Amino acid sequence: MNRRDFLKYSAKGIAGLTLPLSTIEIVSPGEIFADKGSGTRWVFLVDTYKCTGCGLCVKACKLENEVPYEANVTRTWVERYVLTKDGKVWADTPKGARDGFITNKIDLGEGRFQDIKNEDIQKAFFVPKLCNQCEYPPCVQVCPVGATYQAADGVVLVDRNWCIGCGYCIMACPYGVRFFHPVYKVAEKCNFCYHRINKGLKTACVQACPFGARMIGNIRDPEDPVSKVIRNGRVGVIKDEFGTMPQVYYIGLSREVV
Amino acid sequence: MKSHVLRPLFVVIFLLIAGLIVRHFLIPDGFGTHERGYMYGWHNKNDEQFWKNFPVKYKSSDYCNDCHNDKHSSIMRTPHAIIQCENCHGPALGHPDSPPKLPIDRSRAQCLRCHYPLPYPTSGRQKIKSVDPDEHNPGTECSSCHDPHNPDLEGIKS
């Protein structure tokens with residue numbers, strides 16, 4: 001082997017090693033959960049066509065989960081995307097859409113607003129966001145003390161007594177769903193209303209949504225309506241390429257949504 | 001066998017044992033790897049119970065039906081039936097014992113969440129009839145003319 005070949009093969013080898021398995025293997029959610037035994041694996045389904053951006057889900061979430069109402073932090077929020085005919089993408093989520101969207105001006109932050117004429121709009125829609133309860137949650141991996149963890153049913157929880165507030169998990173989450181709880185000074189996140197789903201209730205946001213844009217279900221149950229849509233329908237997830245296997249599925253996802 | 005080399009070793013061993021004893025008392029019993037393995041599941045099992053015991057605050061409209069049957073049966077005949085009572089009246093935990101009365105959100109902003117005109121073709125918003133708040137009776141609460149439990153324009157208060 002000459003030097004040229006050696007360099008070539010080693011470069012290929014290294015490239016091959018660093019390639020995550022997920023990029024070669026195409027797996028569907030059904031395959032992953034179908035034969036992993038019975039029990040419960042909570043998943044979420046969002047129909048962006050139905051969302052009207054009223055923000056009642058955000059309001060309900062904050063009150064149900066005792067997230068300080070005036071603080072600009074929230075476990076779930078709704079993003080507005082407006083694509084104009086000149087190819088620009090505008091997005092905002094004032095106060096996480098706690099009070100909905102009652103102006104057609106886009107909030108650019110720092111008190112600046114963008115006026116968009118109705119006739120310039122190419123497409124526009126709302127995208128509710130919440131914790132993806134990833135199958136491989138990076139926020140849990142980085143916790144140095146075991147304060148955040150995944151329960152057997154897939155929900156990622158935070159132990160308020162054990163969290164030291166280092167903030168690694170907040171940095172590690174690709175979806176930005178984590179924040180510091182202003183009162184308890186520990187990491188805080190959406191947990192699919194763990195107290196409600198374990199009592200057979202829907203999450204606060206699902207119940208509050210008047211339009212059925214939010215749904216929660218058990219993917220291991222083939223008869224579950226949400227599970228059926230995810231198995232048989234066309235659904236997408238956000239930031240698939242991170243390999244975290246997010247478990248919030250979206251109907252009507254668009255390329256512009258990040 | 002007395003060696004100055006061994007002495008630091010004893011100190012290290014002592015510290016190690018002391019550390020393990022302290023650790024044993026500091027770490028709660030529930031800690032372990034549990035179902036999701038070491039990487040994702042290392043935690044205190046008892047904390048799951050903490051989250052399961054968290055108080056439920058939103059009751060749903062069915063709960064209100066027992067006592068506010070007039071409002072319930074009224075709204076259920078209208079397109080506003082899809083809106084939970086608590087979306088406009090706040091979570092009902094404890095009501096009617098404490099608090100004896102739930103708040104009433106009469107703000108225009110509350111109605112405009114859905115009725116502000118946003119011409120977004122691929123969202124559900126466009127299907128809802130809208131009013132321009134600057135033109136449609138500005139400064140007056142919507143509920144002084146419209147009954148939220150019966151928004152039908154026929155029965156409008158005048």
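The values are calculated or read from the model by the stated rules, or taken from the named source; none is laboratory data. These figures come from a predicted structure and were not determined experimentally. All Cβ positions, even for glycine, are placed from backbone atoms using ideal geometry, and neighbour counts span all protein chains on display. Heads up: the accessible areas ignore ligands, DNA and RNA and are worked out on the full protein's heavy atoms, side chains in. Shrake-Rupley method; radii C 1.70, N 1.55, O 1.52, S 1.80 Å.
Considering only region A:140-258, give the helices (runs of 4 or more DSSP H) lying wholly within it that have at least 2 residues that are farther than 24 Å from A:Gly100 by Cα.
Here the list reads A:168-172, A:194-197, A:225-232.
Which of (1) open to solvent by 30 Å² or more (accessible area, probe 1.4 Å); (2) closer than 20 Å to A:Val58 by Cα; (3) among the polar types (S, T, N, Q) does A:Asn191 not meet, given it meets every other one?
The single condition A:Asn191 does not satisfy is (1).
Tell me the residue from B:Leu20, B:Leu15 that is of a type in the set (A, V, I, L, M), within 30 Å of A:Ala152 (Cα to Cα) and in a helix (DSSP H, G or I), please.
B:Leu20
When region B:53-106 is examined, which residues are found to be more than 21 Å from the chain's Cα centre (by Cα) and of a type in the set (Ser, Thr, Tyr)?
B:Ser73, B:Ser74, B:Thr78, listed by residue number.
Counting only residues that are in contact (Cβ under 8 Å) with a residue 40 or more places away in the chain, at the interface with chain B (Cβ under 8 Å from one of its Cβ atoms) and surrounded by fewer than 22 Cβ atoms within 10 Å (Cβ to Cβ), how many does region A:118-166 have?
Here the count works out to 3.
Which numbered condition in (1) touching a helix residue (DSSP H, G or I) at 6+ places or on another chain (Cβ under 9 Å); (2) closer than 30 Å to B:Ser107 by Cα; (3) open to solvent by 10 Å² or more (accessible area, probe 1.4 Å); (4) modelled with pLDDT of 95 or more is the only one that A:Cys169 fails?
All conditions are met except number (2).
Quickly run through region B:101-158 and pick out the residues that are among the basic types (Lys, Arg) and not in a loop (DSSP other than H, G, I, E, B).
B:Arg108, B:Arg113, B:Arg125, B:Lys127
If I filter region A:175-187 for residues that are closer than 19 Å to B:Asn46 by Cβ, modelled with pLDDT of 95 or more, within 14 Å of chain B (Cβ to nearest Cβ) and in contact with a His (Cβ under 8 Å, 6 or more places away or on another chain), do I get at least one hit?
yes
Would you tally the residues in region B:95-129 being in contact (Cβ under 8 Å) with a residue 12 or more places away in the chain and within 21 Å of A:Lys95 (Cβ to Cβ)?
13
Do we find that B:Glu48 is within 9 Å of chain A (Cβ to nearest Cβ) and either open to solvent by 60 Å² or more (accessible area, probe 1.4 Å) or part of a loop (DSSP other than H, G, I, E, B) (or both) in this structure?
no
Going through region B:63-80 one residue at a time, which ones are open to solvent by 80 Å² or more (accessible area, probe 1.4 Å) and within 11 Å of chain A (Cβ to nearest Cβ)?
B:Pro79
In region B:32-45, what residues are buried (at least 16 other Cβ atoms within 10 Å of the Cβ) and outside any helix (DSSP H, G or I)?
Across region B:32-45, the qualifying residues are B:His34, B:Arg36, B:Trp42, B:His43, B:Asn44, B:Lys45.
Within the set of pairs 6+ apart or on separate chains, which have a first residue in region A:231-255 that is over 20 Å from A:Tyr136 (Cβ atoms), a second that is of a type outside the set (D, E, K, R) and open to solvent by less than 40 Å² (accessible area, probe 1.4 Å), and C-beta atoms under 6 Å apart?
A:Arg231/A:Gly30; A:Gly252/A:Thr48; A:Leu253/A:Gly236
Can you tell me which residue in region B:114-133 is farthest from A:Arg80 (Cα to Cα), limited to those that are under 27 Å from the mean Cα position of the chain (by Cα) and facing chain A (nearest Cβ under 7 Å)?
Residue satisfying both the conditions and the ranking: B:Ile128.
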